[in-house]
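Report on the structure given below.
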Amino acid sequence: MRIILALGIALLLTVGLGGCGNKSQQPAGSSAAPPAETTPPPAAAAFVPPADLDQGPRASAAPVDEALAAQGAQLFTSKTCATCHGFGKKIQCPDLKPVAGQRTEKWMIAQVMHPDVMTKQDPTSIQLMKQYTLQMPNMNLTEDQAKALVEYIKKNGK
């Protein structure tokens with residue numbers, strides 16, 4: 001029984017983690033070359049979270065930009081964020097409903113754009129990594145895309 005349970009958990013994690021990101025699969029037998037790997041811009045590699053990143057008004061203090069929130073909804077779907085995150089429920093990673101009331105917009109943008117750096121250098125992200133143990137993948141988002149996701153999170157956190 002324990003072996004079956006362990007295999008079931010391993011299968012769920014494999015399927016869940018496989019859904020992270022925006023990976024397009026090529027049909028079998030296709031002769032098209034696979035898409036080139038995108039590398040983050042040099043500025044992303046040099047990102048260092050400032051000490052005051054989460055100081056100031058919470059993201060939810062500002063009104064929601066509906067147009068950006070709509071773009072964020074599309075990104076949330078296309079980047080398969082719902083594989084790990086929900087609103088009002090914990091799936092595999094933090095419930096996003098309260099986040100805009102807990103964090104600043106600057107912190108949220110940094111977390112979305114540089115999750116790999118944040119979980120190594122930002123105290124809040126380090127704590128979240130200890131709690132959830134799954135590394136959020138770096139989706140190589142632009143700042144505009146990150147802002148759109150933040151607006152979507154703000155809208156759904158109300």
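Just so you know, all these numbers are worked out from the coordinates, no wet-lab data involved. Model, not experiment: these values are computed from the prediction. Glycine also receives a Cβ, built like all others from the backbone with ideal geometry; neighbour counts cover every protein chain displayed.
Annotations for the structure displayed:
- Of LYS130/LYS155; LYS79/LYS158; LYS130/LYS158; LYS106/LYS155; LYS120/LYS158, those spanning more than 24 Å from alpha-carbon to alpha-carbon: LYS130/LYS155; LYS130/LYS158; LYS120/LYS158
- In sequence order, segment 58-68 has phi-based couplings of 5, 4, 5, 5, 8, x, 6, 8, 4, 5, 5 Hz under the Karplus curve 6.51 cos²θ - 1.76 cosθ + 1.60, θ = phi - 60°, and Gly or Pro positions carry x.
- Residues SER60, SER125, SER78, ranked from the fewest to the most other C-beta atoms within 10 Å, line up as SER78, SER60, SER125.
- Sequence of VAL112, VAL48, VAL64, VAL150 once ranked by neighbouring C-beta atoms within 10 Å, starting from the fewest: VAL48, VAL64, VAL112, VAL150
- Fewest-first ordering of HIS114, HIS85 by other beta carbons within 10 Å of each residue's beta carbon gives HIS85, HIS114.
- Shape of segment 69-158, Cα gyration tensor, a/c cut at 1.5: rounded
- For a modelled paramagnetic label at LYS90, 7 Å from Cα along Cα-to-Cβ, the residues of segment 116-154 in reach, with backbone nitrogen under 18 Å, are 124-136.
- Each other residue within a Cβ distance under 13 Å of PRO49 adds +1 if Lys or Arg and -1 if Asp or Glu, for a net charge of -1.
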